[in-house]
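Notes for the one structure printed next.
Quick note: the coordinates plus some simple rules give every number you see, no bench work behind them. None of these values were measured; they are calculated from a predicted model. Cβ sites come from the backbone with ideal geometry, for glycine too, and all protein chains shown count toward neighbours.
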Amino acid sequence: MRLKNKLTYTQDSNGQNLRPEEVAKFDELAHEWRNPKGKFASVLAFNQVRLQYITTEITHQYGSKKIRILDVGCGAGLLTQPLAEAGHEVLGIDASQVNISVANHHGKHLPNLHYRHALSDALVADTRNNLLTAFDLVINTEVLEHVPNPRLLLEECCALVAPLGILIIATLNRTWQSYLIGIIGAEYILRALPVGTHSWKSFVTPSEVEQAICPLGFKVNQIEGMRYNPLTQQWKFARSYDVNYLLSAVRKS
């Protein structure tokens, strides 16, 4: 496999930065993500590590302050709901109407949790028209690898971060290790994800993320790897970010 150090610059034929087949794929899975005894239980364990990372970054930047958070590609609300339960004002958006419906159902008791069936470009337009203010934290987890133009998505996420705010990205690195572990291992051997969930060519390297966001006034704070132990069925942080990684960056002004 030949590694390329660039992001793809393609657009779907419908003019939107999404792949309809990817949306359909996650429509089918929407009701499965929240089942702790279901076939995707490892995803819930994975979510706890992401949540720990996000909470630490919030505390580091804002202390105990309650902030405004946007989750771009919120799925069924696995991150948005606990963040809202912690007292933050949270908006989740997703390309899948089914995901939004599931998330709304589970979070309907929280007045500070809101959902919208939309893409990030719609929110960027709202901010430019003074219909929406930028967010203290923008989260984009496991979405970059599913869109035709990851750089555009990163640029839109950056545009939605307030000055001195945080951007947090979680995705898969494009390495031979991520092919063996993230696709062969996770999809074909462990069956932790459905076969075909990921395309290795769509994975995004940390350097590609940095190259996209740093010219827009962001400074990368930290890159943290994550690793899954199939024996304990637990995720933990790892020094190596050859497979899964989390990246946080602060908007300088």
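Here the simple spin-label model places points 7 Å from the Cα toward Cβ, and for residue 97 and residue 210 these points are separated by 4.2 nm. Zone of residue 221 (label point 7 Å along Cα→Cβ, backbone N under 15 Å): which residues in region 127-169? Of the residues in region 127-169, 135-140, 161-169 have backbone N under 15 Å from the label point off residue 221. The gain in end-to-end length when the residue 189 to residue 122 segment is fully stretched comes to 20.2 nm, 0.36 nm per residue minus the alpha carbon separation. Here region 111-253 has an Rg and Dmax of 16.3, 51 Å, counting Cα atoms alone. A helix-only calculation puts the chain at -9000 deg cm²/dmol for mean residue ellipticity at 222 nm, using -39500 (n - 2.57) for each DSSP H run of at least four residues, averaged over all residues.
Size of the chain: Rg and Dmax of its alpha carbons, in Å, are 17.0, 51.
Might you report the magnitude of the Cβ-based charge dipole of the chain about its Cα centre, with Lys and Arg at +1 and Asp and Glu at -1, to the nearest 20 debye? Present the calculation step by step, with values, prior to reporting the outcome.
Values: 25 positive and 23 negative charges, 110 e Å.
Dipole size: approximately 520 debye.
Run the numbers on region 27-251 and let me know its relative contact order in percent, using alpha-carbon pairs under 8 Å that are six or more apart. Dividing the mean separation by the residue count of region 27-251 yields 18 percent.
Indicate the helices, whole DSSP H runs only, in the chain that combine a mean Kyte-Doolittle hydropathy of -0.5 or more with a Cα extent along their long axis of 30 angstrom or more. List each step's numbers first, then the result.
Values: long enough: 41-62 (32 Å, 0.03).
Helices passing the filter in the chain: 41-62.
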